[in-house]
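Note sheet for the following structure.
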Ligand SMILES: [Zn+2]
């Protein structure tokens with residue numbers, strides 16, 4: 001599958017999953033050292049066609065395609081410039097995760113083992129006005145080691161080595177938020193005991209092939 005058709009598939013997916021509404025959200029993928037493929041602004045992700053996707057350079061200039069570059073392009077550029085290991089960035093407004101972001105809460109406590117391993121700490125990035133430098137700047141303190149970010153009073157960003165990886169983190173983030181939301185309706189979530197958490201980290205690389213940055217560990 002070409003990068004263009006794969007990105008289109010995941011645009012449709014985030015809309016079907018209701019991680020975005022109306023014209024919200026933006027998705028991108030790194031093509032090479034010169035070009036990035038990104039969604040245009042003002043188009044519903046559920047209706048995106050392959051030809052709608054734009055090619056831009058690392059300064060956000062339009063290289064190919066018809067349409068206006070996504071207003072949140074700065075988030076994407078920041079990630080691609082600072083993280084060579086990342087090839088896809090997804091920004092959505094998933095309701096449960098975004099609800100926590102409006103409370104001013106990130107996910108920094110170990111509650112679910114799979115979330116601990118696949119997301120790590122999910123920092124809350126200070127509120128910034130959309131489309132300005134405030135938004136990428138709010139992600140800067142965490143950019144080196146985080147895989148998922150909550151944007152205060154706004155939404156979420158997930159990143160990955162490929163489009164699928166970035167998408168699955170968005171799905172995992174929303175599922176985690178939903179589970180904690182339900183837990184709080186029933187009472188209060190418990191966290192994984194420290195000893196068990198250390199055990200989980202100790203098997204992460206051997207069993208799951210996940211290398212965890214110490215800055216992203218929940219027992220530090
Ligand atoms: Zn947004």
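Residue by residue, here is whether (1) part of a loop (DSSP other than H, G, I, E, B); (2) surrounded by fewer than 19 Cβ atoms within 10 Å (Cβ to Cβ); (3) away from the ligand (no atom under 15 Å from the Cβ) holds:
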{"residue": "129", "(1), (2), (3)": "yes, yes, no"}
{"residue": "140", "(1), (2), (3)": "no, yes, yes"}
{"residue": "158", "(1), (2), (3)": "no, no, no"}
{"residue": "180", "(1), (2), (3)": "no, no, yes"}
{"residue": "205", "(1), (2), (3)": "no, yes, yes"}
{"residue": "211", "(1), (2), (3)": "yes, yes, yes"}
Exercise. Exactly one condition in (1) within 15 Å of the ligand (Cβ to nearest atom); (2) in contact with a strand residue (DSSP E or B) (Cβ under 6 Å, 6 or more places away or on another chain) is not met by residue 135; state its number.
Key: (2)
Practice problem: Identify, by number, the condition in (1) surrounded by 19 or more Cβ atoms within 10 Å (Cβ to Cβ); (2) away from the ligand (no atom under 16 Å from the Cβ) that residue 101 doesn't meet. | Solution: (2)
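I want to confirm something. Restricting to region 49-61 and keeping residues that are farther than 20 Å from residue 132 by Cβ and in contact with a strand residue (DSSP E or B) (Cβ under 8 Å, 6 or more places away or on another chain), which single residue is surrounded by the fewest Cβ atoms within 10 Å (Cβ to Cβ)? Show your work before the answer.
Residues of region 49-61 farther than 20 Å from residue 132 by Cβ: 49-55, 57.
Going one step further and asking which of them are in contact with a strand residue (DSSP E or B) (Cβ under 8 Å, 6 or more places away or on another chain), we end up with 52-55, 57.
Working: 52: 16, 53: 24, 54: 22, 55: 17, 57: 12.
Selected residue: 57.
Does region 96-112 include one or more residues that are in a strand (DSSP E or B) and over 24 Å from residue 217 (Cα atoms)?
Taking region 96-112 first, the residues in a strand (DSSP E or B) are 107.
Next, only the ones that are over 24 Å from residue 217 (Cα atoms) stay: none.
Looking through region 96-112, none of the residues is in a strand (DSSP E or B) and over 24 Å from residue 217 (Cα atoms).
Tell me yes or no: at least one residue of region 182-191 is under 30 Å from residue 102 (Cβ atoms) and in contact with a strand residue (DSSP E or B) (Cβ under 8 Å, 6 or more places away or on another chain). Spell out the reasoning first.
As a first pass, look at region 182-191 and keep what is under 30 Å from residue 102 (Cβ atoms): 182-191.
Among the residues that remain, those that are also in contact with a strand residue (DSSP E or B) (Cβ under 8 Å, 6 or more places away or on another chain) are: none.
Looking for residues that are under 30 Å from residue 102 (Cβ atoms) and in contact with a strand residue (DSSP E or B) (Cβ under 8 Å, 6 or more places away or on another chain), one finds none in region 182-191, hence no.
How many residues does region 63-82 hold that are assigned to a loop (DSSP other than H, G, I, E, B) and either touching a strand residue (DSSP E or B) at 6+ places or on another chain (Cβ under 7 Å) or under 17 Å from residue 7 (Cβ atoms) (or both)?
Taking region 63-82 and keeping what is assigned to a loop (DSSP other than H, G, I, E, B), we get 65-68, 70-72.
Imposing the further condition that a residue be either touching a strand residue (DSSP E or B) at 6+ places or on another chain (Cβ under 7 Å) or under 17 Å from residue 7 (Cβ atoms) (or both) reduces the set to 65-68, 70, 72.
Number of matching residues: 6.
Being in a loop (DSSP other than H, G, I, E, B) and within 13 Å of the ligand (Cβ to nearest atom) is the filter; apply it to region 142-156 and report the residue that is surrounded by the fewest Cβ atoms within 10 Å (Cβ to Cβ).
To start, the set of residues in region 142-156 that are in a loop (DSSP other than H, G, I, E, B) comprises 143-147, 152-154.
Subsequent filtering for residues that are within 13 Å of the ligand (Cβ to nearest atom) retains 152-154.
Values: 152: 19, 153: 13, 154: 20.
Filtering region 142-156 for residues that are in a loop (DSSP other than H, G, I, E, B) and within 13 Å of the ligand (Cβ to nearest atom), the one surrounded by the fewest Cβ atoms within 10 Å (Cβ to Cβ) comes out as 153.
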Practice problem: Considering only region 13-45, state which residues are outside any strand (DSSP E or B), more than 19 Å from residue 173 (Cβ to Cβ), more than 16 Å from the ligand (Cβ to nearest atom) and touching a helix residue (DSSP H, G or I) at 6+ places or on another chain (Cβ under 9 Å). | Solution: 31
Self-check item: Residue list for region 113-127, filter: part of a strand (DSSP E or B) and either within 12 Å of the ligand (Cβ to nearest atom) or in contact with a helix residue (DSSP H, G or I) (Cβ under 6 Å, 6 or more places away or on another chain) (or both)
Solution: 125
Quiz item: For region 67-97, which residues satisfy the criterion of being closer than 17 Å to residue 23 by Cα and more than 16 Å from the ligand (Cβ to nearest atom)?
Solution: 67
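Each value in this text was obtained by applying a stated rule to the coordinates, not by laboratory testing. Here the structure is a predicted model, which is why all the values come from computation and not from measurement. Note: ideal-geometry Cβ built from the backbone for every residue, glycine included; neighbour counts use all protein chains shown.
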